[in-house]
1. So which residues in the stretch 93-125 are open to solvent by 60 Å² or more (accessible area, probe 1.4 Å), among the acidic types (D, E) and over 20 Å from S33 (Cα atoms)?
2. Select from the stretch 60-88 the residues that are assigned to a helix (DSSP H, G or I), open to solvent by 90 Å² or more (accessible area, probe 1.4 Å) and modelled with pLDDT of 90 or more and write down the one among them that is nearest to Q123 (Cα to Cα).
3. Of all residues in the stretch 89-115 being of a type in the set (S, T, N, Q) and more than 18 Å from E20 (Cβ to Cβ), which is modelled with the highest pLDDT?
4. Which members of the stretch 30-59 meet the condition of being open to solvent by less than 50 Å² (accessible area, probe 1.4 Å) and among the acidic types (D, E)?
5. Would you pick out the residues in the stretch 15-49 that are under 14 Å from the mean Cα position of the chain (by Cα), within 24 Å of T107 (Cα to Cα) and touching a residue at least 12 places away in the same chain (Cβ under 8 Å)?
Amino acid sequence: MNTLDSYRDSHAELREMIDELQSLMSPEKLTVSPNAKVAYQMLCDLGQRVKRHLAEEDKELYPSLLIHEDPLTKSIAWGSILGEKPLRKSFEDYYKRWLRNCEFNFTDDFLGETYQLLEMIYQRLDHEEHVLFPKAVEIGALEGGRVRTRSARIAAR
């Protein structure tokens, strides 16, 4: 079961990965083969980490928010879920276009798409931190730092 702190830790890890990637993502640095290989692996790792993060939220956080009686809470949850779709789709398309064949072809188009994708991830993390998590805490879906299941909330009443 995830806690609010574990979600925040996940955000910190993702932001750190993005910051490290951005420090490597210059045409000059990517012409050096070891840098290109490291950047490629980091992008693959980031993709897996983002997928895991979103899947954890789908499984543990959203169900509590979606069944809450407050319409605003449900709306925030649905908005967050719908907001994930472009990120998931963009990463899928990005992976197919740039990472699938292990070709370290870091063109201007690649760099542009990479920066856009990294920005989408940052925006997603900001949304979670400023909208989703505060609402989850407010309604008791994250109490004492833990994600509370529906049955745990009912038992607490």
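1. Listed by number, the residues that qualify are D93, E119.
2. The selected residue is L82.
3. Among them, the one singled out is S90.
4. Answer for the stretch 30-59, where residues must be open to solvent by less than 50 Å² (accessible area, probe 1.4 Å) and among the acidic types (D, E): just E57.
5. If the condition is that a residue be under 14 Å from the mean Cα position of the chain (by Cα), within 24 Å of T107 (Cα to Cα) and touching a residue at least 12 places away in the same chain (Cβ under 8 Å), then R15, M17, I18, L43, C44, D45, L46, G47 are the ones that fit.
The values are calculated or read from the model by the stated rules, or taken from the named source; none is laboratory data. What you are looking at is a predicted structure, and each value in this text was computed from that prediction instead of being measured. Because the Cβ atoms are built from the backbone with ideal geometry, glycine has one as well, and the counts that use them run over all protein chains shown. In case anyone asks, the SASA skips ligands and DNA or RNA and just uses the protein heavy atoms, side chains included. Shrake-Rupley method; radii C 1.70, N 1.55, O 1.52, S 1.80 Å.
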